[in-house]
């Protein structure tokens with residue numbers, strides 16, 4: 001099978017990009033031919049803002065490039081991972097003009113929300129959900145804190161709703177969890193076209209033993225990730241369990257301040273993935289305090305691979321991934337007191353925590369291995385191609 005993978009990279013490499021690359025590499029390992037069309041946001045700094053806005057709605061350049069690629073070589077599938085902002089939905093139309101089936105992975109909520117997060121002013125916001133024109137996102141400047149930039153994104157969403165692009169030009173959408181799938185259905189995407197396939201971890205990092213005696217946070221240091229909840233919990237703990245924080249982001253100064261106040265908190269900055277996995281394997285548990293509707297929770301699945309339980313906020317997709325009392329614990333999102341109580345319970349119940357380690361690893365093996373993921377992806381690709389044959 002020959003697949004053309006399409007994606008727009010951000011300046012900062014993150015979980016979306018890691019997951020996309022893992023999928024491409026897995027397909028190659030299994031003998032498929034994978035070609036890539038990539039744009040990078042670094043280009044934006046050299047472009048006129050009006051040009052960027054117009055490309056967000058329709059990139060003639062991307063449309064031409066995709067048509068040419070599809071003319072030069074036969075492809076079975078065009079798999080769009082992320083088209084925003086420089087590639088645009090024009091690539092769907094190029095694929096349709098050449099008779100190639102389109103799969104779109106929904107790695108964020110961009111088709112429904114201008115900032116792609118359903119998050120504003122430190123809390124969940126669904127003001128644009130279900131609205132044909134996402135005007136609240138424009139009024140609040142939700143994309144890049146700019147009404148002008150938000151207008152460009154809202155225009156892209158509205159124009160392609162008007163053209164029925166989201167309904168007619170994509171054959172199958174892949175949501176990463178059932179929670180995310182339901183949000184997209186609420187937002188107007190056709191339910192029959194949305195399937196669920198989670199992310200995965202490859203290669204398998206192997207099981208850790210959890211002997212480090214510390215809790216671990218891994219992620220972007222940002223408001224939506226719940227850093228204030230995490231640090232607030234450590235202020236409240238009666239016994240100061242060590243906490244290691246891995247990551248970089250806009251709240252770095254807040255983390256530095258916490259390190260100065262709380263001797264039990266250590267900030268490690270950004271670390272190579274091999275080191276992160278080692279830290280996960282030695283941790284008593286991973287803490288996932290997000291305040292927004294995560295579409296998945298790759299860090300939690302990496303922890304499961306290491307046999308490490310997860311204490312997670314009971315919100316969005318991460319609440320779907322963590323089985324309370326079985327693979328980890330859940331707490332009320334944004335409630336540092338509730339998080340502190342869960343941390344204290346886990347620290348004082350070593351036998352239950354040991355069983356959770358076994359359960360977490362079993363959950364990984366049942367759902368999040370490369371083998372399981374490849375099988376599911378092939379089912380989806382076969383479904384798309386079978387539909388094309390039946391319509392033909």
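Descriptive notes on the structure:
- Distance from the range 235-285 to the range 143-193 (C-alpha centre basis), Å: 36
- Just so you know, the Rg over Rh for the range 215-367 is 0.93, from Cα atoms, with Rh as the Kirkwood radius.
- The angle separating the long axis of helix 370-391 from the principal Cα axis of greatest extent in the chain is about 20 degrees.
- Enclosed volume per residue, in Å³, of the convex hull spanned by Cα atoms of the range 68-225: 155
- Extension reserve of the residue 365-residue 220 stretch, reckoned as 0.36 nm per residue once the Cα distance is removed: 49.6 nm
- Rounded to 5, percent antiparallel among DSSP beta bridges of the chain: 5
- If R0 equals 41 Å, the separation of the Cβ atoms of residue 345 and residue 71 corresponds to a calculated FRET efficiency of about 0.10.
- Residues residue 372 and residue 266, FRET efficiency given R0 of 35 Å [Cβ-Cβ distance, rounded to 0.05]: 0.50
- Over the C-alpha atoms of the range 171-235, the Rg to Rh ratio, Rh being the Kirkwood estimate, stands at 1.14.
- Restricted to Cα atoms, the range 1-128 shows a radius of gyration and a Dmax of 15.5, 48 angstrom.
- Peptides 95-101, 249-255, 215-221 ranked from most to least packed, by the mean per-residue count of other Cβ atoms within 10 Å: 215-221, 95-101, 249-255.
- Per the Debye formula on identical point scatterers at the alpha carbon atoms of the chain, with no solvent, log10 I(q)/I(0) at q = 0.07 Å⁻¹ is -0.33.
No value in this document is a laboratory result; all are computed from the given coordinates. Quick caveat, the model's predicted, so the values are computed rather than measured. Virtual Cβ from ideal backbone geometry, glycine too; neighbours counted across all protein chains shown.
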